[in-house]
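For reference, the structure is listed below as structure tokens.
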Amino acid sequence: MLNRIIVVFALIAALVGVVQPPVKAQSAWGPWETTGVGISIRVARVNNTTVTWAFRNDTNRTLRSMDFDYTFVDAGTNQVTTQHDILLFPMASGGSFGGWTAYTANTRGEVSIAIKNYKFDN
């Protein structure tokens with residue numbers, strides 16, 4: 001029994017040793033840039049190979065749904081890559097959502113974001 005307890009503590013210690021400190025952005029968020037459809041975007045670099053972004057609803061209506069493509073040069077393969085993603089939930093007027101826990105690209109360069117479809121409440 002004592003051997004099992006020691007093994008469990010050793011496993012916990014090993015797991016705790018793997019935990020990394022929180023990631024800090026290397027640069028501050030850029031300014032909100034309008035897309036012309038009532039949605040703004042801002043971008044920040046998290047580290048040398050990660051860029052993140054967020055969306056803001058600039059209208060007085062709830063943004064019910066949105067999907068978009070993002071294109072970047074992959075930091076691992078050096079290939080131009082396009083991915084597709086969605087807004088995870090409705091966004092109230094003036095609300096914003098995103099950041100490195102939601103939207104990221106593995107790139108040393110920039111990210112191009114193209115909103116494909118969006119729907120606001122009437």
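Where a number appears in this text, it was derived from the coordinates with a stated rule and is not lab data. Please read all numbers here as calculations on a predicted model, not as lab measurements. For neighbour counting, all protein chains shown are included, and Cβ atoms are generated from backbone atoms with ideal geometry for every residue, glycine included.
The table that follows gives values for the structure above.
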quantity	calculated
Sequence-distant residues sharing a close amide H with Phe120 (under 5 Å, placed H)	Arg64
Packing rank of 76-89, 46-59, where each peptide gets the mean count of other beta carbons within 10 Å, highest leading	46-59, 76-89
Under 5 Å, built H, 5+ apart or other chain: amide partners of Gly95	Asn57
Fewest-first ranking of Arg61, Arg45, using other Cβ atoms within 10 Å as the exposure measure	Arg61, Arg45
